[in-house]
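**Q** Quick one: this structure, given as structure tokens, is what I'll be asking you about.
Every number here is computed from the coordinates shown, using simple stated rules; none is lab data. Please read all numbers here as calculations on a predicted model, not as lab measurements.
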Amino acid sequence: MSTADLAFVVAIAGAIGGGVSWLLQRFIEQLFARRLEDHRHKNALAAQDEKIRFDLYDRRFEIFSSVLDFYGALLSWKGTTEQIAARARFFKAYQEAGFLFQKASGIEELLNELNQEAAKVIGFKEHGDDYYKGEPAVYNEQFQKTNHILLIVFTEAIGKLKVAISPYLDFHNIGR
């Protein structure tokens, strides 16, 4: 083989080697880019999951908070704009509870009971004087029932709600 032929073969081998090296480099770059994108996607999904968990926590805690606000409004009920707004927030929270808590938790049922008891309190506080004006004994009986609802029924229900809702609000198990 002549020197020119050998130089030609070396040049061809160099070109082939360079081409293979270029292809291998492109393959590695693409593989790295895919892995990097997979990593970013996985982290984005994890961040999205955490955001959902925190949003659920906030919504669930808002339900508990609305009960406390409504209870405060009931204690001194006069039908003010703020009290009516607290009642509306509570009612919305009661309805939303069916979507945010498992039925077995009993939370929605407990909020339903509080809603019914609260209606009795509001009815008495807004219309008790009219209904029982001439009957002091009946008025006193209804007054005692209302106080029982406020001081016993609501207090016990709030305790039960704390127990039932705590697995959903445990910061270590948010959303689970």
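**Q** Report, by chain and number, residues whose modeled amide H sits under 5 Å from the one on GLY106, excluding near sequence neighbours (fewer than 5 apart, same chain).
**A** Residues meeting the criterion, in which the H sits 1.01 Å from N, do not exist here.
**Q** Additional query: Students often get this wrong, so check it: of LYS133/LYS162; LYS125/LYS160; LYS51/LYS78; LYS92/LYS133, which have C-alpha atoms separated by over 29 Å? Display every interim value, and only then the final one.
**A** Details: LYS133/LYS162 39 Å; LYS125/LYS160 26 Å; LYS51/LYS78 39 Å; LYS92/LYS133 34 Å.
LYS133/LYS162; LYS51/LYS78; LYS92/LYS133, as the Cα separations exceed 29 Å there.
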